[in-house]
1. Which residue pairs have Cβ atoms under 8 Å apart, sit 6 or more places apart or on different chains, and have a first residue in the range A:1-12 that is within 16 Å of A:VAL53 (Cα to Cα) and a second that is among the β-branched types (Val, Ile, Thr) and modelled with pLDDT of 85 or more?
2. Run down A:ILE95, A:ILE17, A:ILE12 and say which single residue is farther than 16 Å from B:GLU11 by Cβ and assigned to a helix (DSSP H, G or I).
3. When you go through (1) closer than 30 Å to A:ASN28 by Cα; (2) assigned to a loop (DSSP other than H, G, I, E, B); (3) in contact with a Lys or Arg (Cβ under 8 Å, 6 or more places away or on another chain) one by one for B:ASP29, which number turns out not to apply?
4. Among the numbered criteria (1) within 8 Å of chain B (Cβ to nearest Cβ); (2) under 21 Å from B:LYS7 (Cβ atoms), which single criterion is violated by A:LYS98?
5. Within the range B:78-97, does at least one residue satisfy the condition of being farther than 30 Å from A:ASP41 by Cα, surrounded by 16 or more Cβ atoms within 10 Å (Cβ to Cβ) and in contact with an Asp or Glu (Cβ under 7 Å, 6 or more places away or on another chain)?
6. Taking the range B:56-98 as the region of interest, how many residues are of a type in the set (Asp, Glu), in contact with a strand residue (DSSP E or B) (Cβ under 7 Å, 6 or more places away or on another chain) and without any contact (Cβ under 8 Å) to a residue 12 or more places away in the chain?
7. Spot the failing condition for A:PRO71; the list is (1) at pLDDT 95 or above; (2) part of a strand (DSSP E or B), and only one is missed.
8. Can you tell me which residue among B:GLY48, B:GLY81, B:GLY58 is closer than 17 Å to B:MET22 by Cβ, touching a Gly at 6+ places or on another chain (Cβ under 9 Å), part of a helix (DSSP H, G or I) and of a type outside the set (Asp, Glu)?
Number of protein chains: 2
Amino acid sequence: MSDSIIKEINEIFSAKIRLGVMTILSINDESDFTSLKKQLDVSDGNLGAHMNVLEKAGYIEVDKSFVNRRPKTTYKITDNGCKAFKEHLTQLESIIKKVK
Amino acid sequence: MSDSIIKEINEIFSAKIRLGVMTILSINDESDFTSLKKQLDVSDGNLGAHMNVLEKAGYIEVDKSFVNRRPKTTYKITDNGCKAFKEHLTQLESIIKKVK
């Protein structure tokens with residue numbers, strides 16, 4: 001697919017929820033599960049599954065802690081995640097330029 | 001999901017192959033199956049399945065004819081497809097602006 005207009009499209013970032021998560025984690029230093037859930041308006045199970053995909057790909061890192069005796073899960077984008085996401089966005093940008 | 005950054009992301013256009021097809025059909029008046037297959041470097045079965053999804057959604061229209069006794073399948077983007085794809089790209093554009 002060397003010359004294809006979609007060669008740099010990363011399927012991991014294609015799913016709507018994962019695109020949203022990566023956008024939020026690119027803009028903010030970190031974000032917790034509850035905040036991501038609210039911002040993206042998704043269920044616990046749905047968001048959890050997508051976070052697992054991103055973590056397994058090495059694109060985000062997870063920190064689990066307790067705040068006021070309540071568990072808190074915080075996410076950060078990794079360097080690899082940042083690089084891969086920017087490449088994905090650059091390819092999307094070139095598609096937008098072709099069409100618009 | 002009224003305030004969500006992904007509310008206008010259309011899952012139908014999220015899949016890499018369908019994004020590629022919509023881009024090609026947005027740029028060109030029409031395209032045939034063989035040409036799309038070559039440009040996107042995908043198998044017959046894979047492309048066929050994605051074209052069905054786009055057709056069922058009303059985003060593309062299909063014309064089957066014979067050229068030199070060989071069947072030829074040609075695709076065009078519909079007005080609805082054009083409108084929906086532009087909305088999708090506008091949302092992607094706003095995500096890119098936030099991140100970059």
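1. Taking only residues 6 or more apart or on different chains, the pairs are A:ILE12/A:VAL53.
2. Details: A:ILE17 fails: farther than 16 Å from B:GLU11 by Cβ; A:ILE12 fails: farther than 16 Å from B:GLU11 by Cβ.
Sole residue among the options that is farther than 16 Å from B:GLU11 by Cβ and assigned to a helix (DSSP H, G or I): A:ILE95.
3. It fails just one condition, (1).
4. (2)
5. Yes - at least one qualifying residue is present in the range B:78-97.
6. Step one: of the range B:56-98, the residues of a type in the set (Asp, Glu) are B:61, B:63, B:79, B:87, B:93.
Now drop any that are not in contact with a strand residue (DSSP E or B) (Cβ under 7 Å, 6 or more places away or on another chain), which leaves B:61, B:63.
From the residues that got through so far, the ones that are without any contact (Cβ under 8 Å) to a residue 12 or more places away in the chain too are none.
So the answer is 0.
7. Exception for A:PRO71: condition (1).
8. Details: B:GLY48 fails: touching a Gly at 6+ places or on another chain (Cβ under 9 Å); B:GLY58 fails: part of a helix (DSSP H, G or I).
Going through B:GLY48, B:GLY81, B:GLY58 in turn, just one is closer than 17 Å to B:MET22 by Cβ, touching a Gly at 6+ places or on another chain (Cβ under 9 Å), part of a helix (DSSP H, G or I) and of a type outside the set (Asp, Glu): B:GLY81.
The values are calculated or read from the model by the stated rules, or taken from the named source; none is laboratory data. All figures in this text were calculated on a predicted structure; none of them were measured in a lab. For neighbour counting, all protein chains shown are included, and Cβ atoms are generated from backbone atoms with ideal geometry for every residue, glycine included.
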